[in-house]
Amino acid sequence: MKPRRLALGERNIVGARVTEARLAAGMKQVELLAKLQTRGVEISVPALSLLEGQKRPVSDIELKALADIFGVSADWLLGRGE
C-alpha cells in the first residue's frame, strides 16, 4: 500500500471505516468503484480517494451503498458500533 501523501481531513468520519472495510475485504479502490457503479452511485477515483482521506463529505446515497457493499450498518460506518 502506498503511503498517504496528504494528512487526513475532517470532512467526514466515514472515510476511515470505508478504508478499513475495503482492505479487510481485500478490495482495491477500482473494485469498490465498480461495485458502487452497479448500485447507481457514480464516484471518480479521485473522489473516492478524497472520501477515504476524510477530505470529501459522503452523501446519504453513498453511505447506504457502502453499507450494502460491505455488509455493515450505516451506524458502523459512522463509527457508532463495532
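One line per residue, one yes/no per condition, for (1) surrounded by fewer than 16 Cβ atoms within 10 Å (Cβ to Cβ); (2) touching a Gly at 6+ places or on another chain (Cβ under 8 Å); (3) in contact (Cβ under 8 Å) with a residue 60 or more places away in the chain:
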{"position": "LEU33", "(1), (2), (3)": "no, no, no"}
{"position": "GLU42", "(1), (2), (3)": "yes, no, no"}
{"position": "LEU51", "(1), (2), (3)": "no, yes, no"}
{"position": "LYS64", "(1), (2), (3)": "yes, no, no"}
{"position": "PHE70", "(1), (2), (3)": "no, no, no"}
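Look through region 17-31, keep the residues that are without any contact (Cβ under 8 Å) to a residue 40 or more places away in the chain and not in a loop (DSSP other than H, G, I, E, B), and return whichever of them is farthest from VAL72 (Cα to Cα). Steps first, please.
Initial filter on region 17-31 (without any contact (Cβ under 8 Å) to a residue 40 or more places away in the chain): 19-20, 23-24, 26-31.
Restricting the remaining residues to those that are not in a loop (DSSP other than H, G, I, E, B) gives 19-20, 23-24, 29-31.
Values: THR19: 13, GLU20: 12, LEU23: 14, ALA24: 12, GLN29: 18, VAL30: 20, GLU31: 18 Å.
This residue is VAL30.
Identify, from the list GLY40, GLY79, the residue that is outside any helix (DSSP H, G or I), under 14 Å from VAL18 (Cα atoms) and out of contact with any Leu (no Cβ under 8 Å at 6 or more places or on another chain). Working first, answer last.
Values: GLY40 fails: under 14 Å from VAL18 (Cα atoms).
One residue alone meets the criteria, GLY79.
Given the condition at pLDDT below 95 and over 12 Å from the mean Cα position of the chain (by Cα), answer yes or no: does some residue in region 22-40 qualify?
No.
Might you let me know whether region 4-15 holds any residue that is in contact with a Ser or Thr (Cβ under 7 Å, 6 or more places away or on another chain) and either closer than 19 Å to TRP76 by Cβ or at pLDDT 95 or above (or both)?
Taking region 4-15 and keeping what is in contact with a Ser or Thr (Cβ under 7 Å, 6 or more places away or on another chain), we get none.
No, region 4-15 contains no residue that is in contact with a Ser or Thr (Cβ under 7 Å, 6 or more places away or on another chain) and either closer than 19 Å to TRP76 by Cβ or at pLDDT 95 or above (or both).
Given the condition more than 23 Å from GLU10 (Cα to Cα) and either charged (D, E, K, R) or modelled with pLDDT of 95 or more (or both), answer yes or no: does some residue in region 55-68 qualify?
We begin by selecting, within region 55-68, every residue more than 23 Å from GLU10 (Cα to Cα); these are 68.
The next check asks that each one be either charged (D, E, K, R) or modelled with pLDDT of 95 or more (or both); those that pass are 68.
Yes, the conditions are met somewhere in region 55-68.
The values are calculated or read from the model by the stated rules, or taken from the named source; none is laboratory data. All of these numbers come straight from a predicted model, not from anything done at the bench. Note that we place each Cβ from the backbone using ideal geometry, even for glycine, and neighbour counts take in every protein chain shown.
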